[in-house]
1. Suppose a student asked you for the relative contact order of the range 227-354, using Cα pairs under 8 Å spaced at least 6 residues apart; what percent would you report?
2. State log₁₀ I(q)/I(0) for the chain at q = 0.08, 0.13 Å⁻¹ as given by the Debye formula over alpha-carbon point scatterers of equal weight, solvent excluded.
3. Describe numerically, in nm with one decimal, the distance between label points set 7 Å from Cα along Cα→Cβ at Thr49 and at Asp125.
4. With the contact rule set at Cα under 8 Å and sequence spacing of 6 or more, what percent relative contact order holds for the range 15-164?
5. For Phe368 and Thr89, FRET efficiency with R0 = 41 Å and r from the beta-carbon atoms, rounded to 0.05?
6. Accessible area, 1.4 Å probe, largest first: how do Lys16, Lys265, Lys72 sort?
7. Listed here are the pairs Lys195/Lys349; Lys90/Lys265; Lys83/Lys108; Lys11/Lys40; Lys102/Lys339; which of them are more than 26 Å apart at the Cα?
8. What share of all Cα pairs of the range 1-93, in percent, falls into each consecutive 5 Å distance bin?
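The values are calculated or read from the model by the stated rules, or taken from the named source; none is laboratory data. Please read these numbers as outputs of a predicted model, since none were measured by experiment. Cβ atoms come from the backbone with ideal geometry, glycine included; neighbour counts cover every protein chain shown. For accessibility, only protein heavy atoms count, side chains too; no ligands or nucleic acids. Shrake-Rupley method; radii C 1.70, N 1.55, O 1.52, S 1.80 Å.
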Amino acid sequence: NNEWLVRQEIKVECPKEANTKALDILNKGVDSLAFRVKAKELNAEYIETLLEGICADCVELNFYTCQGHVVKLAEILVAYFRKKEYDLTKLQGSIGYDFFDKMLAKGKEKGDMLTTAKALIEATDALPEYRVLNVTALTLNNAGSYIYQELGYALAWGNEYLNQLTEAGVPAAVVARKIKFNFGISSNYFMEIAKFRAARWLWAEIVAAYNPACQCACKMHVHAQTSEWNMTVYDAHVNLLRSQTEAMSAALAGVDSITVRPFDKTYQTPDDFSERIARNQQLLLKEECHLDKVVDPSAGSYYVEVLTNSLADVAWKLFLEVEDKGGFGAEVASGEIQKAVNASNEARKKAVATRREILLGTNQFPNFNEKAGEKQPIEAKCCCG
């Protein structure tokens, strides 16, 4: 089938309250949880309170915290699962370690990637289905990159982990099985379908070049999240239309899990209503549209196949270009990738302003009577607080 996991994110202010919320939404269609936990409060008791009553082998559990504390988090989780006598080989989830994401967004290099990555792989050796090396291409998407850039840079991003860790003596199959790709989804419906199809194809080629001990390591594990670049404060319910077609693109393309961002995310902390609507957007695609029943329904479509091949060709050229210049890490450190994405962002904004790129409700059929009132865009904050 074409089953995918419905994910919802919970920012943990109080572990007990977060646990209550998690148990509630698990009964409302969610089967993948993402917890953003505070590093300074992290300990065994904190995790026990957070996961109380949650069946870890029935739901995918994903954890995010400050990058300097991911190994500690992994060790606490392994100890907790062993204490609860789970079969660790069957547990699915991830730990959000991404060395390059902070460099992209803030220009800061924190810690040593090789040391932390190797320690994290070793700490989660007992959790073979846990992905701990993240490729957060979602950051590029939300920054306004073009689709081919998101894909090409994501491939180089993943290859950087493979290249450095295999040179450090970690088997290629082990590294590949620990990498998780987190893509954004834009409103370009058919092109997004092509992106995910091309991504699986190209990533398999890259991993195969390392001669992994098992060919199953070539399979890409993908989480997709609706874009925030095109979300609006004005007439915010239009965001529902955009995120719905975005979720459809990812579902039809066969991703492993999807997060639909609530429509009011841009100007307030999402409330129960907007979170419920976001969940139901995916449940409708499953229960009423049956998009989870057919594997790769776009296969054989001339249009989508041509798009897939064309996008793969352009993204592959960008990947090779990055590799020729020293690899993804070197390009991020020099700021070249940031410059390219920022240039794309400005070009896309200009295209929207001149109506060459259409954003429904913003530059196509806008509501001229809409007033923002007290709505103010929310600025992103570090999870360390």
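1. 17 percent
2. Normalising to I(0) and taking log10 leaves -0.40, -1.15.
3. 3.3 nm
4. Computed value for the range 15-164: 20 percent relative contact order.
5. Computed FRET efficiency for Thr89 and Phe368 comes out at 0.10.
6. The ordering from most to least exposed comes out as Lys16, Lys72, Lys265.
7. Lys90/Lys265; Lys83/Lys108
8. 3, 13, 26, 27, 20, 8, 3, 1, 0
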